[in-house]
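Working notes, structure below.
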Amino acid sequence: MELNIYLQMLRRGWWMVALTTLTALTASLGASFLVTPQYEVVARFIITPGAIEANPNTVLQGLNTISSVMETYAEVMNSSRIYKDALSFLQLQPGDLKDYAYESVVLPSSSILELTVTGPDPLQAANMANAIGYQTIDFTRRLNQVINLDFLDLAEPSTIPSSPQPLRNAALAAILGIIGGLVVVFVREQFRASLETFRQRVNLDNETGVYTKKYFSRLVEDELARHPEDVLSIGIVELNGLRDIVDTFPIAALQRILQRVTESLRKELRGNDIIGRWNGISFIVMLPNTPGAAANRIFERIFQALLEPVNLDQFNLMVNLGSHIGGAEYGNQITSQELFEKASNALEQARRDNDVPVYIWEMKSPFWAQKNLDNL
């Protein structure tokens, strides 16, 4: 069930996913072609004990201290002193290498140092890496004769930029665009659902859960505007038995009565029929695609269902609803206001005749249809 809900969300919002993905791809490719390419070069260094001809005890001491000095040598290689010596060796000024970055690290489980230099010119980056390496080797040899630092691999200019990488960036942008699009779709649907729930609450009567008079009237107007040639009927169900007690009854008791009436109406009506609250003691019903004669039979069933008194045990009360029903059939493209007036006139006629409490006004043959219409 939840999977179907998500699929429906995607069907409604697929264009958002496509739009965010396309936007991300465009931004990624644009940035890849506009940004200055950066090249990365690597030089590697190995740390070993001093020469074999040295005192064997000195060599053994060097082996034992290699692990402890590797981090120190990496920091030396990263130091500003070595950087300044490298600039002097290359006969460059600090501003000449302001777009270059470098870092030295110890490779795990080894006696290898790795120096990485990144910049816009691969040849200059390689020269910088090798110059830093030479200066570090020279400094450490003057500082320590027990441990040797030497090149394992000289830095070589790279022909392929390390960044940007358009294909990789485009793939990553597409993935992020899809994820972002999905998030936008789901957030939009949640917001839409929340907004729809709020609208429904605004349009629903608090006591009964059916539509308010204002919203019901709008639904009728919309139905007539969409299908002006179709037939439909409306009916006002008045609970005359509540007229004298609506202002004096406990609110909880009145709500219980109205809820019972709502349940009875829904039980007798079809799935596409619409119920509204007309006023304090009456409901109104719209029956799409239903002519007056068929509506009359439906309202007769409703009248019979409402004959049963409502027993409120918690209040020790028995209430007779005393319902009357007046309806009207739409036809000849009359306005919704005229349709409501016809139904109100029919209800007035039903009030005057207790023996015939259901009246329907029909457009094709304007007359009051009594509840024994089928016997005429």
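Please verify whether GLU338 is at pLDDT 85 or above, acidic (Asp, Glu) and within 46 Å of the chain's Cα centre (by Cα), treating the condition exactly as stated.
For GLU338, the condition - at pLDDT 85 or above, acidic (Asp, Glu) and within 46 Å of the chain's Cα centre (by Cα) - is met.
Among the residues of the range 216-262, which ones are in a helix (DSSP H, G or I) and under 13 Å from SER336 (Cα atoms)? Before you say what the answer is, go through the steps one by one.
Step one: of the range 216-262, the residues in a helix (DSSP H, G or I) are 216-226, 240-242, 251-262.
Listed by number, the residues that qualify are PHE216, SER217, ARG218, LEU219, VAL220, GLU221, ASP222, GLU223, LEU224, ALA225, ARG226.
From the list ASN311, ASN289, ASN279, ASN316, pick out the single residue that is under 12 Å from ILE236 (Cβ atoms) and surrounded by fewer than 20 Cβ atoms within 10 Å (Cβ to Cβ).
One residue alone meets the criteria, ASN279.
Counting only residues that are farther than 26 Å from SER80 by Cα and touching a helix residue (DSSP H, G or I) at 6+ places or on another chain (Cβ under 6 Å), how many does the range 133-175 have?
Total satisfying the criteria: 6.
If you take just the helices (runs of 4 or more DSSP H) that sit entirely in the range 41-158, which of them hold at least 3 residues that are modelled with pLDDT of 90 or more, exposed (fewer than 14 other Cβ atoms within 10 Å of the Cβ) and within 53 Å of the chain's Cα centre (by Cα)?
Fully inside the range 41-158 and qualifying: nothing.
Restricting the first residue to the range 173-191 and requiring it to be not assigned by TED's automatic domain parsing to the domain that holds ARG11, which pairs with a second residue that is of a type in the set (S, T, N, Q) meet a Cβ separation below 7 Å and a spacing of at least six or different chains?
Every condition considered, no pair remains.
Among all residue pairs at least 6 apart or on different chains, which show Cβ distances below 6 Å where the first residue, located in the range 89-117, is under 16 Å from LEU152 (Cβ atoms) and the second is assigned to a loop (DSSP other than H, G, I, E, B)?
GLU114/LEU107
Find the residue count for the range 259-276, including only residues that are modelled with pLDDT under 90 and either surrounded by 23 or more Cβ atoms within 10 Å (Cβ to Cβ) or on the phi > 0 side of the Ramachandran plot (or both).
1
Go through the range 191-208 and give me each residue that's at pLDDT 70 or above and loosely packed, with under 15 Cβ neighbours inside 10 Å.
Those that are at pLDDT 70 or above and loosely packed, with under 15 Cβ neighbours inside 10 Å: PHE191, ARG192, VAL202, ASN206.
Just to check your reading of the model, which residue among GLY322, GLY327 is under 13 Å from SER233 (Cα atoms) and touching a residue at least 12 places away in the same chain (Cβ under 8 Å)? Show your work before the answer.
Numbers: GLY322 fails: under 13 Å from SER233 (Cα atoms).
That would be GLY327, the only listed residue that is under 13 Å from SER233 (Cα atoms) and touching a residue at least 12 places away in the same chain (Cβ under 8 Å).
Tell me the residue from GLY235, GLY292 that is in the same structural domain as GLN314 (by TED's automatic domain parsing) and modelled with pLDDT under 90, please.
Result of the check over GLY235, GLY292: GLY292.
Here are some residues: PHE303, PHE299. Which one is touching a His at 6+ places or on another chain (Cβ under 9 Å), crowded, with 16+ Cβ neighbours inside 10 Å and assigned to a helix (DSSP H, G or I)?
Testing whether each residue is touching a His at 6+ places or on another chain (Cβ under 9 Å), crowded, with 16+ Cβ neighbours inside 10 Å and assigned to a helix (DSSP H, G or I) leaves just PHE303.
Restricting attention to the range 266-280, does a residue exist that is in the same structural domain as TYR330 (by TED's automatic domain parsing), among the hydrophobic types (A, V, I, L, M, F, W, C) and under 19 Å from GLU348 (Cβ atoms)?
Looking for residues that are in the same structural domain as TYR330 (by TED's automatic domain parsing), among the hydrophobic types (A, V, I, L, M, F, W, C) and under 19 Å from GLU348 (Cβ atoms), one finds at least one in the range 266-280, hence yes.
The values are calculated or read from the model by the stated rules, or taken from the named source; none is laboratory data. None of these values were measured; they are calculated from a predicted model. Every residue, glycine as well, gets a Cβ built from its backbone with ideal geometry; the counts of neighbours run over all protein chains shown.
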